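Worksheet for the structure shown next.
The values are calculated or read from the model by the stated rules, or taken from the named source; none is laboratory data. If you're wondering where the values come from, they're calculated on a predicted model, not measured in any experiment. Here Cβ is always computed from backbone atoms with ideal geometry, including for glycine, and neighbour counts include all displayed protein chains. Keep in mind that these areas ignore ligands, DNA and RNA; they rest on the heavy atoms of the full protein, side chains included. Shrake-Rupley method; radii C 1.70, N 1.55, O 1.52, S 1.80 Å.
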Amino acid sequence: TTFQDGGEEVEEGAVYNVTLKKVQIQQAANKGARWLGGEGDQLPPEHTVRQYETSKIRAIKAGTLEKLVENLLTAFGDADFSYISIFLSTYRAFASTRAVLELLLDRFGNLETSSHGEVANLNSFESEVVLRAEIASVLRAWLDQCSEDFREPPDHTCLLKLLGYLKSNMPNSDMESKVQNLLKQFQNQEVEAVDGFCGTSSSDLVDGEELEISNPEEFSSFQDHVVAEQLTYMDVMLFKKVVPYHCLGSIWSQRDKKENKNLAPTVRATITQFNTVTKCVVSTILGTKELKIQQRAKIIEKWIHIAHECRILKNFSSLRAIISALQSNSIYRLKTTWMCVSKDILLMYEELSEIFSDHDNYLTSRELLMKEATSKFANLDSSEKENQKKSQKRLQLQKNKGVMQGTVPYLGTFLTDLIMLDTALQDYVEGGLINFEKRRREFEVIAQIKLLQSSCNSYCLIPDQKFIQWFRSQRHLTEEESYKLSREVEAAADTNILSPKSQKSMVKRISTLFLGTDVITPPKEHPPKSSPLGGSSGESTDSASVSSCEFNHSETEDVCVTPISSPEDPLKKGSIGSDKGSGSNKCSILDKGSGSDKCSILDKAAGSDGGPVSDKSSGSMTCSTSKVLPVYNRQNGGACIIRVSMDGINDSVYKSILITNQDRIPDVTQRALLKHNLEPDAVEDYELVQVISEDKELVFPRDANVFYGMNSHVNFDFILRKKA
C-alpha cells in the first residue's frame, strides 16, 4: 500500500485534505506462465502481473459547524474512519452539545424539513434508510464515548431531546432503552461531586475527630507496599473519572474566570490528590519537631521506598508527587538529615528522580510512559545492581499474583501539551472556518489519556480504610509553616558543604494552574511572605509554563508541572544542603535554548514531518515553512511563544502568547492585556519589557517588531508595565 498527497478540495463552507491510496488487489501469472500452468503467488516477480486500485481519502481540514456535523454522516464514505471519534472528543472547544445535537437531529435527522442538496437523494426510500442508519451510528458512538456530555442537571434537556427523537424515529430500539437508563442514572445522582479521596475537610472525618499532625509511629506502622497500593487505588479511582475534553487547552485555560469556578472538576480532583500526597510527605517529615535526625532520615527513606513501590505499580502520579515533595525547598535543605540517609537508598532516589529529568522536554518520562502504557508489568532495568535485585524481587512477587497492572500517568504532562497546542495553533482560518486540523492534533493527546484510562481497569486493588482514614486526617502544613519548621529543625545550611545527592536532575516543585498564584517567587534565606496564596486575585495562567520551587499549601487546588532550571540555577552546581537552591528557578514546558534543534511533543503531534503551521495572527491559511510548531524559548519559522506577566498586579503569574515576525508592540500588548483579563483598549498606557537578568531589562520602543527586537539568547520572559 502506498499513499500520495492529492492536494486540497474546497467546497462552500469546507476545505478537505485529499490523499490517494494505492493498494494491490490482485497478482496473476502472465500469459507465458499461465500456458505453463503456473500460479501468480508461486512465481517470481518477472513472471507475474500486478493489479492495483487507487482510492481517495478525504479528511476535512476546516469548515463551518454545519459542515463538520454533516461530515459525521459522510466521513465513513470518505474513508476518514477516525473522524467521528476526533469530533466527539474535541467539539466542546468550539460548540455546545445542544448546538451539535440540534444540527444533527433537526437539520439532518428530520427528513421532511432537510433542504435539498444537503444529503443526496433524500426522497428515495433507500437514502432515507441509509441516513437514519448513519445518524444512529453517530448517536451510538456519542453515547458510548462521551455520555457525560448529556449530564445537564437538573433538566437534562439535550438527553430529553434525544429521547424524543428516538421514540419518534427508532421506537423500542436498544438505543432508546440506553438513553432512558442514562437519564434515570443522571436523575438519581446529585450534581457530580469529586469523590472524597483527596483534600481534607471536617466533613470527611468521623464526628469528634480533628485534623492532626502526623504521628511518626502510626505512619511507620503502614508497610511500604500498602501505602503505595492505597495511593495508587485513590489515583486510579480519580484518573478513570477524568473527562478527557476537560483537559483541552481552550477549556482548561478558562478555569480562572468567576463563572467557571466549577469547570473541569475531574481534572481538579486529580490535581488536588497529587498535591495532597505531596503535602502529606512534608507533614510526616517536618510535623514533629521532637524527632531525632536519624528518625527523620528514616521517614525520608520510607518515602523513597514508597516511591519505588509506586514505580513497580506504574503509578507515575504519586511517584512524581513524592519526588517533588522530597525536592521541595523545606525538605531538600535538610543537609544533616540527608547525610543520614543510606547510600543505597540515595541511589534509588536518584534513579527515581531521573525519570522526571527535564532533559529534552522530559523525554525520559514520556518514553517510559508510552513504553509501559499497555504493558502488563513495570520494566525495572535499574543501573544499580543492588537496586535492580531488590526491584526484580518485588516485581516477581507482583507477577506471581497473576494480576496485570495498569498505568497511572502524571496528568500535568498532558495538560501542558494541550495548552501549548492551543496556544500555538489558531482556532479559525480564512473565511471564519473552524480549524479542524488543530483538533486532530489535540486528539492525539486525548487518545493517549483514553488509552491509559482503559489500562487502569487492569488494577485489582482493595481500599484499606485504616490508611485512608489516616491519610484524610492529616493536617497539612502551609508553605510558611513548613519552611519555618525546616529552619527550626536545621539552621541555615552551609552552601559550601555538598550533600550525598547529585543535583543534576533536581525537579524542584509542583506548580499551580488554578485560582490563585500560578508562579510563586521562591524563598531564599527567609520564609515566604504570608501573601494570599489561596488567590484573591482570581488569576491563573492559561499555560503550563509556570513554576516555583515550593509547593503551594493554600486551600486552592494546584497542578503539578515540573520546571526547567535556568542556566544560572544554583541547583545545577549546589546541593541539597543549600537554602538558596531555588533562587532563580524558572520553568518552561519545552526545550530551553534558542539554538536547540530537539523535537518536542508538539513536533510529534504534527506527524513525522511536522506539517505546516498556520499563522495565527494573520487569520489566513497561509502556511509557514516551519517544520515544527512554535515553542517557548526558541524562535522557529518566524514564530515563537513568550511569557508575559503584569508588573504591580500579580507579577508572578505568566501568560503564554504566540508571536510572529509580523507582530509589533501594540499587537502583543493588546493580546497580553486580554490574556490577563484587562481592558485591551489601554494599550497606550503600557510598555513591554524583556527581562534579561536580575538587573537588566530591554525596553521596547512603541512600534518595535517584538520578534526581531527581542534577545533570543535569554529566557523569553516579558513584563507589561504601566508607563510612568
When you go through LYS279, LYS289 one by one, which is the residue that is farther than 30 Å from ARG92 by Cβ and not in a helix (DSSP H, G or I)? LYS289
Test result for GLU290, over 26 Å from the mean Cα position of the chain (by Cα) and without any contact (Cβ under 8 Å) to a residue 24 or more places away in the chain: yes
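From the list VAL243, VAL267, VAL277, which one is modelled with pLDDT under 95 and crowded, with 23+ Cβ neighbours inside 10 Å?
Working: VAL243 fails: crowded, with 23+ Cβ neighbours inside 10 Å; VAL277 fails: modelled with pLDDT under 95.
One residue alone meets the criteria, VAL267.
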Of residues in the stretch 221-236 being more than 15 Å from SER458 (Cα to Cα) and in contact (Cβ under 8 Å) with a residue 60 or more places away in the chain, the one surrounded by the fewest Cβ atoms within 10 Å (Cβ to Cβ): VAL226
Looking at the stretch 327-338, is at least one residue surrounded by fewer than 22 Cβ atoms within 10 Å (Cβ to Cβ) and outside any helix (DSSP H, G or I)? no
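Hey, which of the helices (runs of 4 or more DSSP H) in the stretch 126-240, taking only ones fully inside, have at least 3 residues that are modelled with pLDDT under 95 and over 29 Å from ARG268 (Cα atoms)?
On the way: elements: 157-169, 174-187, 216-221, 224-239.
Because the criterion is at least 3 residues that are modelled with pLDDT under 95 and over 29 Å from ARG268 (Cα atoms), the helices (runs of 4 or more DSSP H) in the stretch 126-240 that meet it are 157-169, 174-187, 216-221.
Go over the candidates ARG366, ARG296 one by one and state the one that is assigned to a helix (DSSP H, G or I) and open to solvent by 20 Å² or more (accessible area, probe 1.4 Å).
From the options ARG366, ARG296, the qualifying one is ARG366.
Let's see how each residue does on (1) under 27 Å from LYS438 (Cβ atoms); (2) modelled with pLDDT under 90:
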{"residue": "CYS623", "(1), (2)": "yes, yes"}
{"residue": "VAL631", "(1), (2)": "yes, yes"}
{"residue": "GLY638", "(1), (2)": "yes, yes"}
{"residue": "LYS655", "(1), (2)": "yes, yes"}
{"residue": "ASP667", "(1), (2)": "yes, no"}
{"residue": "LEU673", "(1), (2)": "yes, yes"}
{"residue": "GLU679", "(1), (2)": "no, yes"}
{"residue": "VAL683", "(1), (2)": "no, yes"}
{"residue": "VAL689", "(1), (2)": "no, no"}
Just wondering, is there one or more residues in the stretch 595-615 that are closer than 23 Å to VAL429 by Cα, surrounded by fewer than 24 Cβ atoms within 10 Å (Cβ to Cβ), assigned by the TED database to the domain that holds PHE716 and at pLDDT below 90? no
Find all pairs meeting these conditions: Cβ atoms under 7 angstrom apart; at least six residues apart or on different chains; first residue within the stretch 301-318 and at positive phi; second residue part of a helix (DSSP H, G or I) and not aliphatic (A, V, I, L, M). LYS314/GLU372
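If I ask for residues that are of a type in the set (A, V, I, L, M, F, W, C) and under 13 Å from ASP667 (Cα atoms), which ones from the stretch 701-719 would you list?
Once the filter is applied, which keeps residues that are of a type in the set (A, V, I, L, M, F, W, C) and under 13 Å from ASP667 (Cα atoms), the stretch 701-719 yields ALA704, VAL706, PHE707.
Out of all the residues in the stretch 55-78, which are aliphatic (A, V, I, L, M) and open to solvent by 30 Å² or more (accessible area, probe 1.4 Å)? Spell out how you get there, then give the answer.
Of the residues in the stretch 55-78, the ones aliphatic (A, V, I, L, M) are 57, 59-60, 62, 65, 68-69, 72-73, 75.
Residues satisfying the conditions are ILE57, LEU65.
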Residues within the stretch 699-717 that are surrounded by 12 or more Cβ atoms within 10 Å (Cβ to Cβ) and in contact with a helix residue (DSSP H, G or I) (Cβ under 8 Å, 6 or more places away or on another chain), tallied: 4
For the stretch 291-342, the count of residues that are farther than 19 Å from PRO409 by Cα and either of a type in the set (S, T, N, Q) or in contact with a Cys (Cβ under 7 Å, 6 or more places away or on another chain) (or both) equals 11
Qualifying positions in the stretch 339-356 - assigned to a loop (DSSP other than H, G, I, E, B) and closer than 20 Å to ASN315 by Cα: ILE355, PHE356
If a residue must be open to solvent by less than 20 Å² (accessible area, probe 1.4 Å) and more than 22 Å from ASP78 (Cα to Cα), how many such residues does the stretch 122-175 contain? 11
Check the stretch 59-76 and report whether any residue there is touching a Lys or Arg at 6+ places or on another chain (Cβ under 6 Å) and either modelled with pLDDT under 90 or under 23 Å from ASP149 (Cα atoms) (or both). no
